[in-house]
1. Working only within the range 47-62, note down all residues that are in contact with a Leu (Cβ under 8 Å, 6 or more places away or on another chain) and open to solvent by 60 Å² or more (accessible area, probe 1.4 Å).
2. Of the residues Val107, Val102, which is touching a strand residue (DSSP E or B) at 6+ places or on another chain (Cβ under 8 Å) and either over 29 Å from Val5 (Cα atoms) or free of Cβ contacts under 8 Å to residues at least 24 places away in the same chain (or both)?
Amino acid sequence: MEKDVLISIRGLQYLMDEESGEQEPVEVMTTGSYYKKNGHHFLIYDEATEGFDMMTHNMIKFTENALEVRKRGLIDVHMIFEEDKKNISFYHTPYGMINMGVAATKVRMKETPDQILLKAEYALDINDSYVGDCVIDIEVRPRESKSEKIAEEMNAAQHAVKILGGKMDR
């Protein structure tokens, strides 16, 4: 896997949809750095929060069956996801501190040369009250170079022109 990567994180937190009253998972897509050291995988990226100038620096450390999420900056927390263990964290936000319990029931990783998939299923409690069962899905893949993206767009444009019966000169 290359050092410069695209990171997709789904379900790390849930927001209530005000119109339907149902929960919807939040998805964060960003660029970051990846490396592997002593059998552990690491992702590093920065995250902006709407309405605030300060960034949050994130580090995700994982193996085949364990996950750690560290946030420093506007948000400050160290969450540990280990199967069949409950870990307590103090989640510091601009609005105050939250006592958060994470009891992971499943942590799995699948690695190929072009992609890493990570999934953690867990029960979440906030201030000692059960909130729900949650899932984090993380996908990591190499970033495309600009030349690869331009070539892909050019091929798509040529295909569209052929479908429409026209010609496209280079």
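The values are calculated or read from the model by the stated rules, or taken from the named source; none is laboratory data. Keep in mind the model is a prediction, meaning the values are calculated, not measured. Quick reminder, even Gly has a Cβ in these numbers, built from the backbone with ideal geometry, and neighbours come from all protein chains shown. These accessible areas exclude ligands, DNA and RNA; they are computed on the full protein's heavy atoms, side chains included. Shrake-Rupley method; radii C 1.70, N 1.55, O 1.52, S 1.80 Å.
1. If the condition is that a residue be in contact with a Leu (Cβ under 8 Å, 6 or more places away or on another chain) and open to solvent by 60 Å² or more (accessible area, probe 1.4 Å), then Phe52, Met54, Met55 are the ones that fit.
2. Val102
The rows are residues; the columns are (1) assigned to a loop (DSSP other than H, G, I, E, B); (2) open to solvent by less than 20 Å² (accessible area, probe 1.4 Å).
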site: Val28; (1), (2): no, no
site: Lys36; (1), (2): no, no
site: Phe42; (1), (2): no, no
site: Tyr45; (1), (2): no, yes
site: Glu64; (1), (2): yes, no
site: Val69; (1), (2): no, yes
site: Ile80; (1), (2): no, no
site: Tyr91; (1), (2): no, no
site: Met97; (1), (2): no, no
